[in-house]
């Protein structure tokens, strides 16, 4: 394999050695925050949800934060293939004309535009996707507490400074500033919650749009969402703040069956970083027992070097290309087109599993 790397925790690795990997082994699919980086997972998503997983019948928990929540919600649509293609197109082509005197578009304008996009994207389909016969959707958000309880131009930056300092002490300490709130279409959470302050609430037709927008609400880039139906008051922000890459204590048994199920995780890198504020805390980038039953499908670093600019698409590209939409679109489309190789290699590996290529997570 030239483009795809497969990493596995010890229990997952043992399973692969004995049984290979079938669609019926999958219990959970996580989807990380990470903005444009998630674009390179489009071909893998389309293969998994439209060619591979239809070969099985078991319920599967889809857990997403930020762009990952958008991807997983789209996978629940009746025509998920068309939806996932449209998501890729819409994300690549998003553009905000600057107003006179602006260096960046205002958070309010970005939020208004994003909400309009969500309304067009999911309009009339929310109840259908929430009642998908197999997939249980779980959307992760971050609810502000204390200084972050309401969005404020002065108090919010101060509150995030306090959250950062608390997070350096420990992840649990950051729970005094930000609470993990997961909204689920149905069913129990597929992960333990003793690691961090967590609240579990229903995801419904009346709050779906607010919840999904909140999960994507990057602080200071988009506006926080307040007054979500059926949820405690407060400002709700990007789920990646508390759970950047969903380094969660994945349960190894499903609600329906005591048989071990695997977490199959299309990701844009090997490291599964707990929270967004942990990006600079390298000691928190290592694997833990939480990932023992996890299989990570990620691009090989040397393959990433072959992409335009030698990297994955990222938010810095909005600055690099500025108002030159065509240049950014060209680069991002080239990266997403190249990433079809990852999906092709995964499909080939499933046909003839080679355990020797699997690396430790």
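What follows draws every value from the coordinates through simple rules; no lab data is involved. Predicted model, so just to flag it, every value in this text is computed and none were measured. Here the Cβ is made from the backbone with ideal geometry for all residues, glycine too, and neighbour counts use every protein chain on show.
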key: Ranked 236, 122, criterion: other C-beta atoms within 10 Å, fewest first   = 122, 236
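R0 = 41 Å: FRET efficiency of residue 319 with residue 116, Cβ-based, nearest 0.05? Kindly include the intermediate steps, with their values, before the conclusion.
Numbers: r = 24 Å, r/R0 = 0.58.
Working from the Cβ atoms, E equals 0.95.
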key: Beta bridges by DSSP in the chain, antiparallel share as percent, to the nearest 5   = 45
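Taking the convex hull of the alpha carbon atoms in region 103-252, what volume per residue do you get, in Å³?
Values: hull volume 17.6 nm³, N = 150.
Dividing the Cα hull volume of region 103-252 by its residues yields 117 Å³.
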inquiry  = Can you tell me which of 313, 36, 232 moves the most in a GNM of the chain? Springs connect C-alpha atoms under 10 Å apart.
reply    = 232
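What ranking of 268, 47, 183 emerges when the number of other C-beta atoms within 10 Å of each C-beta is taken as an exposure proxy, fewest first?
Values: 268 22, 47 19, 183 28.
By the 10 Å Cβ count, ascending, the order reads 47, 268, 183.
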message = Shape verdict for region 182-335, please, from the Cα gyration tensor: rounded (a/c under 1.5), prolate (a/b greater than b/c) or oblate.
response = oblate
query = How big is the gap, in Å, between the Cα center of region 126-196 and the Cα center of region 15-73?
reply = 22
inquiry  = Under the 0.36 nm per residue contour assumption, what length would be gained going from the current alpha-carbon distance of residue 283 and residue 194 to full extension?
reply    = 30.0 nm
note = Rounded to one decimal in nm, the spacing of the 7 Å Cα→Cβ label points at residue 302 and residue 340 is 2.4
note = Extension length gain for residue 134 and residue 17 (0.36 nm per residue less Cα distance), in nm, is 39.4 nm
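Based on DSSP H runs of at least 4 residues, each adding -39500 (n - 2.57), what is the mean residue ellipticity at 222 nm of the chain after dividing by all its residues, to the nearest 500 deg cm²/dmol? Before the final figure, lay out the partial values.
Working: 13 runs with 122 residues, N = 361.
Taking each H run of at least 4 residues, the total per residue is -9500 deg cm²/dmol.
Among rounded, prolate and oblate, which fits region 52-186 when a ≥ b ≥ c are the square roots of the eigenvalues of its C-alpha gyration tensor, a/c under 1.5 means rounded, and a/b larger than b/c means prolate?
Numbers: a/c = 2.63, a/b = 1.32, b/c = 1.99.
Note, shape of region 52-186 comes out oblate.
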ask   = What is the extension gain from residue 169 to residue 57, computed as 0.36 nm multiplied by their sequence separation minus the C-alpha to C-alpha distance, in nm to one decimal?
value = 35.9 nm
request  = Using only Cα atoms, locate the centre of region 101-120 and the centre of region 294-332, then give the distance between them in Å, rounded to an integer.
outcome  = 22
query = Pick from 132, 19, 285: which is most flexible by mean-square fluctuation in a GNM of the chain where alpha carbon atoms under 10 Å apart are linked?
reply = 19
remark   = Taking max minus min of the Cα coordinates of region 269-347 on each principal axis, largest first, gives extents in Å of 44, 34, 16
note = Going fewest to most other Cβ atoms within 10 Å around each Cβ, 145, 282 line up as 282, 145
ask   = Which whole-number percentage describes the relative contact order of the chain, with Cα contacts under 8 Å and a sequence gap of 6 or more?
value = 28
note = region 205-238 scanned against label point 7 Å out from residue 127 along Cα→C-beta; backbone N under 12 Å for 205-206
Value of Rg to Rh for region 1-127 (Rh from inverse mean 1/r over Cα pairs, i.e. Kirkwood) = 1.05
query = Say each of residue 220 and residue 102 gets a label point 7 Å from the Cα, pointing the same way as Cα to Cβ; how far apart are those two points in nm?
reply = 1.8
note = Candidates 320, 336, 242; GNM for the chain (alpha-carbon contacts under 10 Å) flags as most fluctuating 320
query = Using only Cα atoms, what is the ratio of the radius of gyration of region 162-221 to 2.2 N^0.38 Å?
reply = 1.29
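Mind running the shape call on region 151-194? Use the C-alpha gyration tensor, a ≥ b ≥ c as the square roots of the eigenvalues: rounded below 1.5 for a/c, prolate if a/b tops b/c, oblate otherwise.
Numbers: a/c = 5.39, a/b = 1.71, b/c = 3.16.
Oblate is the answer for region 151-194, as a/c is 1.5 or above yet b/c matches or exceeds a/b.
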